[in-house]
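The values are calculated or read from the model by the stated rules, or taken from the named source; none is laboratory data. Everything numeric here is computed off the predicted structure, so don't read it as measured data. FYI the Cβ positions are ideal-geometry reconstructions off the backbone, even for glycines, and counts take in every protein chain you see.
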Amino acid sequence: MVKFFCIAFGMLPMMVATAAQPVQLAYEPVGLGWSAAEVERASSAQMDALTERAHKAGQLGCSAYCDCLHRVFSRLVVEARTQTERSATLPWSLLVLRLPDIKAMAMPDGQLAISETFVDGHLPSEDALAFVLAHEMAHSILEHERQALTFARLLLPRQIVRSVKDMYVEMDFNLSLLMAMEPVMQQGEYEADELGMLLASKAGYDPDRQLAFISSQCQSDADSVPLVATHPPACQRLQRLQSLLPLARRQRPTFLH
Ligand SMILES: [Zn+2]
């Protein structure tokens with residue numbers, strides 16, 4: 001059996017799908033600090049560092065899931081490009097590596113990364129993989145990094161001008177700031193869950209089967225209490241996603257029903 005995979009609902013403006021028409025499921029972020037380009041520049045080094053680390057470990061590139069990852073990512077990019085003015089032009093890409101401490105992640109500029117070790121251990125179907133990648137793409141589409149940075153700045157003294165890099169340093173060393181950001185980060189995860197499931201459904205993936213990873217997380221992480229809860233409890237995420245299933249099923253192309 002083919003084994004397969006970051007995950008975390010908010011109030012998104014949505015429309016029920018009609019025949020072959022682009023359906024905007026995402027909102028256009030507004031009122032943000034720093035430009036999208038500033039945020040993209042400041043965070044791009046993270047993907048470079050990850051690539052370098054995987055390369056040095058001889059764990060860069062796909063091995064067991066190349067066709068599947070390529071197929072799922074390609075189908076999702078088509079849907080991601082229909083969402084916002086910015087998402088239509090992002091240089092979407094997928095970095096595949098095999099590092100055990102990496103699951104899946106997305107940069108603000110649409111660069112995604114996923115580890116095959118995570119795919120292998122946690123994603124039992126192509127639908128589950130599609131949900132995880134679509135969730136990551138939703139973070140980039142909705143500019144969650146830029147939103148979180150803007151919120152963080154509002155929590156700090158106003159008289160000091162801070163670059164995006166200054167904010168990352170602050171977030172590295174200011175635990176109380178990170179803890180105060182929990183509600184915003186968790187809202188971002190709910191939104192990425194919601195938009196991710198709808199986009200993956202539009203791309204043809206079965207929404208019921210997409211929930212395999214969140215469902216298993218719900219069963220396994222009930223007792224874990226992290227110092228800073230960047231993600232909401234998996235069971236709450238699952239519950240919100242399940243309430244969205246009827247809408248998600250209607251997003252699937254009708255020939256797949
Ligand atoms: Zn996420």
Requested in this report: Within the stretch 199-218, count every residue that is within 18 Å of G110 (Cβ to Cβ), in a helix (DSSP H, G or I) and away from the ligand (no atom under 15 Å from the Cβ).
Outcome: 1
Requested in this report: Kindly list, by first and then second residue, each pair from a residue in the stretch 125-141 that is within 10 Å of the ligand (Cβ to nearest atom) to a residue that is of a type in the set (F, W, Y) and part of a helix (DSSP H, G or I), limited to pairs with Cβ atoms under 7 Å and residues at least 6 apart or on different chains.
Outcome: V132/F213
Query raised in the report: Can you name the condition, by its number, that T230 falls short on among (1) over 30 Å from E38 (Cα atoms); (2) modelled with pLDDT under 90; (3) of a type in the set (S, T, Y)?
Result: (1)
Query raised in the report: Does P226 count as surrounded by fewer than 16 Cβ atoms within 10 Å (Cβ to Cβ) and not hydrophobic (A, V, I, L, M, F, W, C)?
Result: yes
Requested in this report: Could you check, for the stretch 161-176, whether at least one of its residues is modelled with pLDDT under 95, basic (K, R) and either under 19 Å from P108 (Cβ atoms) or in contact with a strand residue (DSSP E or B) (Cβ under 8 Å, 6 or more places away or on another chain) (or both)?
Outcome: yes
Requested in this report: Would you check if R158 is within 16 Å of the ligand (Cβ to nearest atom), more than 12 Å from the chain's Cα centre (by Cα) and surrounded by fewer than 22 Cβ atoms within 10 Å (Cβ to Cβ)?
Outcome: no
Report summary line: Picked from the stretch 161-196 (must be aromatic (F, W, Y) and more than 28 Å from D208 (Cα to Cα)), the residue surrounded by the most Cβ atoms within 10 Å (Cβ to Cβ) is Y168
Query raised in the report: Is at least one residue of the stretch 185-198 more than 16 Å from E143 (Cα to Cα), within 16 Å of the ligand (Cβ to nearest atom) and under 19 Å from the mean Cα position of the chain (by Cα)?
Result: yes
